[in-house]
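Heads up: the structure comes next, in structure tokens.
The values are calculated or read from the model by the stated rules, or taken from the named source; none is laboratory data. In this text the structure is predicted, and so the values were computed from the model without any measurement. In this analysis, Cβ positions are derived from the backbone assuming ideal geometry, glycine residues included, and neighbour counts consider all displayed protein chains. SASA here: full protein model, heavy atoms, side chains in, ligands and nucleic acids out. Shrake-Rupley method; radii C 1.70, N 1.55, O 1.52, S 1.80 Å.
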Amino acid sequence: MRGDPVTFAERLTRQVTIGAVTNDLFSVPPALTVGFDLDMTLIDSRPGIKAVYDRLAAETGVFIDSALAVTRLGPPLDDELANWFPPEQVPQMADRYRDLYPHHAIAPTPAMPGATDAVAAVRAAGGRPVVVTAKYGPNAELHLAHVGIEAELRGWLWAEAKAEALVEWGATVYVGDHTGDVRGAHRAGALSVAVATGPCSAAELRAAGADVVLASLEEFPGWLAAHTSQAA
């Protein structure tokens, strides 16, 4: 198996080659698979995550500035915990955080504005929505169920590592709110659609190389309609 990510151009070449073999280039249209990040893209997880950090701080007696922590969501949990605990305690604290999470973080966490419509727009276009997140998979599944979003999901993948799932699923678009999501999309050869609803500003997302920057997912259905009509 090839270890390097497959670029969008390589996928397109393969599709054209298959079509040439059948003498019908249009018999094998590229499938529309759209990947979405989770935190601050599909869900506003700040209230729930803050509650978990506050609970962890109360249990351990260690100060955690939960209000600050939720302004920089995106990177793996261990990266944030390393700001508050010595390195040798981080794995244990991460396990405790994940244990507390279902009881304190799911109920307070709403869908982001436009999230359910964005996923529905992918399906309406004949596509498949998938979710690729750095969050622990079982907790991510609880969030999707809580807000009523159905999609295949892969957890514990951050930044460039997200390309693993995006390439496997053949995603041609990846939607996220962080510069790490931009890197993951490009690593997979997918179009990077960024939403300025998380810790990174629109300017930061553009500077990171996002192909499209939207104010929020409320703009996504209109963008997708234009994108698919141009590809047709």
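Grab the alpha carbons of segment 49-103, take their convex hull, and tell me the volume per residue in Å³.
73
Could you give the dipole magnitude of the chain about its Cα centre, charging the beta-carbon of Lys and Arg +1 and that of Asp and Glu -1, in debye to the nearest 20?
360
What percentages make up the Cα-Cα pair-distance distribution of the chain when the bins are 10 Å wide from 0?
All Cα pairs considered, the percentages come to 8, 32, 33, 18, 7, 2, 0.
Summarise the accessible area of segment 85-212 (1.4 Å probe, protein heavy atoms) by the percent that is carbon and sulfur. Mind dumping the intermediate values first?
Numbers: 2700 of 5280 Å².
Ligands and nucleic acids excluded, carbon and sulfur reach 51 percent.
Taking a probe of 1.4 Å, how large is the accessible area per residue of the chain, in Å²?
Value for the chain: 47 Å² per residue.
I need the Debye-formula profile for segment 29-167: one equal scatterer per C-alpha, no solvent, reported as log10 I(q)/I(0) at q = 0.11, 0.12, 0.14, 0.17 1/Å, two decimals.
-0.42, -0.49, -0.65, -0.91
Please list D78, D117 from largest to smallest accessible area, probe radius 1.4 Å, with all protein chains kept in place.
D117, D78
Per DSSP H run of n ≥ 4, the term is -39500 (n - 2.57); total these for the chain, divide by its residue number, and report the mean residue ellipticity at 222 nm rounded to 500 deg cm²/dmol.
Here the helix-only value at 222 nm equals -13500 deg cm²/dmol.
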